[in-house]
Amino acid sequence: MSQSIHDFHDDPRNAAIRIWINGALKPRAEAVVSVFDSGFVLGDGVWEGLRVVGGHPVFLEAHLDRLYEGAKAIAIDIGLDRAALTRAIDDTLAANAMRDGVHLRLMVTRGVKRTPYQDPRVTVGPATIVIIPEFKTAKPETLAAGLALFTVHVRRGAPDVQDPKLNSHSKLNCITACIQATAAGADEALMLDPHGFVATCNSTHFFIVRRGEVWTSSGDYCLAGITRANVLQVCREAGIVAREKNFSLTEVYGADEAFVTGTYAGVAAVRSVDGRVFGDGRPGPMVARLQGLYRGLVERDVAARGAGR
């Protein structure tokens, strides 16, 4: 049975979480926004997912960089500076006594509209900011087994259509890709760019390993992934050749290993693409090495945050 890398085992503690909405901490059952909110009406907003380790949101500065850049690009005034938003995150974690095994979703929409219409000028209030923290980690059994990917017909679009660099609430192309992959019995969709080269997955970034080298897409048609960038960093630090380049499905099918990256699960092995199995179908040596290097980078980030307090 197919399952997403974002699947998790339910944690009963999540029933009692308190969610930050525009400065107020609300019980889960009371955490609601207006039906006139831009995010609900139009998917008009930006968001970030953060992993919390040792009480610290990991790689927070990079996530805030992406959030504020995206908001500026689509003319949303978040209404809080970085320091105030960081305090809101810290207050939310403290209110829920959360330190480890936590995934946090930070969402910003344009705000409430006086009528359900796309024009930003009919927005009548400030931005809506929501912080949802949950006790949630990737299923160990999924990480151990690796993912099966399926190449879908849905392409990653050009930036003059809807720029894939924007981490927007409007994810319908990725949802459509996910539906097709699920119907094919796969765990995640592999998406091509407009030229037919491999771009990314519907919710993660895609890498292959060929003859000791790590390859990922050029990055022209995918989100500026923070875990993606961190994996490229640890490759450089460890002397592993890592290339951002165009490559085809033919090169994917002939790869030695493959994996995906994302904030939620970190580095996760891919066991097959379109029925082509890599090696013996189990996570390979490069994936295991990169998982260790990435964990080390997370530990360094957490240690630096602890030392700064």
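Coordinate-derived values only; no laboratory data. Keep in mind that what you see is a predicted model, and the values were worked out from it rather than measured. Please note: Cβ atoms are built from the backbone with ideal geometry, for glycine as well, and neighbour counts cover all protein chains shown.
Against the chain, whose longest principal axis is taken from its Cα atoms, helix 60-73 shows a tilt of about 70°. For the pair His9 and Val161, label points projected 7 Å from Cα toward Cβ lie 4.1 nm apart.
For the stretch 161-300, a simple Cβ point-charge model (Lys and Arg +1, Asp and Glu -1, everything else neutral) yields a dipole of about 260 debye relative to the Cα centre. Which of Thr227, Thr123, Thr109 ends up with the largest GNM mean-square fluctuation for the chain, with Cα atoms connected below 10 Å? The residue that fluctuates most here is Thr123. Taking every DSSP beta bridge that has both ends in the chain, the antiparallel portion is near 85%.
Here the stretch 108-183 and the stretch 187-225 have alpha carbon centers that stand 17 Å from each other. Among DSSP beta bridges lying fully in the stretch 140-300, give the percent that are antiparallel, nearest 5. Around 70 percent of the beta bridges assigned by DSSP in the stretch 140-300 are antiparallel ones. When the chain is treated as a GNM with alpha-carbon contacts under 10 Å, the residue of Ala288, Ala73, Ala177 showing the greatest mean-square fluctuation is Ala73.
Springs between Cα atoms under 10 Å define the GNM used for the chain, and in it the highest mean-square fluctuation of His56, His195, His103 occurs at His195.
Is the shape of the stretch 209-274 best called rounded, prolate or oblate, per the rule: a/c under 1.5 gives rounded, else a/b larger than b/c gives prolate, else oblate, with a ≥ b ≥ c the square roots of the Cα gyration tensor eigenvalues? Rounded shape, in that the Cα axes give a/c under 1.5.
For the listed residue pairs Lys139/Lys171; Lys26/Lys113; Lys136/Lys245, the alpha carbons are over 28 angstrom apart in Lys136/Lys245. The Cβ shell under 12 Å around Asn246 holds other residues with a net charge of -2, Lys and Arg each +1, Asp and Glu each -1.
Counting other Cβ atoms within 10 Å of each Cβ, which trypsin sites (Lys or Arg not before Pro) in the stretch 190-271 have at most 14 and sit in a DSSP loop? Answer in residue order: Arg211, Lys245.
Among Glu251, Glu257, the ranking by other beta carbons within 10 Å of each residue's beta carbon, starting with the fewest, stands as Glu251, Glu257. Assuming a ≥ b ≥ c are the square roots of the Cα gyration tensor eigenvalues, decide whether the stretch 12-135 counts as rounded (a/c under 1.5), prolate (otherwise, with a/b larger than b/c) or oblate. In terms of gyration-tensor shape, oblate. Other residues lying with their Cβ under 14 Å from the Cβ of Glu257 contribute a combined charge of +2, Lys and Arg counting +1, Asp and Glu -1. Counted by neighbouring Cβ atoms within 10 Å, the residues Thr142, Thr86 run from fewest to most as Thr86, Thr142. Net charge of the neighbourhood of Ser218, taken over other residues with C-beta under 13 Å away and scored Lys/Arg +1, Asp/Glu -1, is +2. Where a ≥ b ≥ c are the square roots of the eigenvalues of the C-alpha gyration tensor, would you call the chain rounded, which needs a/c under 1.5, or, failing that, prolate if a/b is larger than b/c, or oblate? Verdict is prolate for the chain.
Checking the cross-link filter: which aspartates and glutamates have an alpha carbon closer than 17 Å to that of Lys165, excluding same-chain neighbours under 8 positions apart? Straight-distance partners of Lys165: Asp44, Glu48, Asp65, Glu69, Asp193, Asp220, Glu244.
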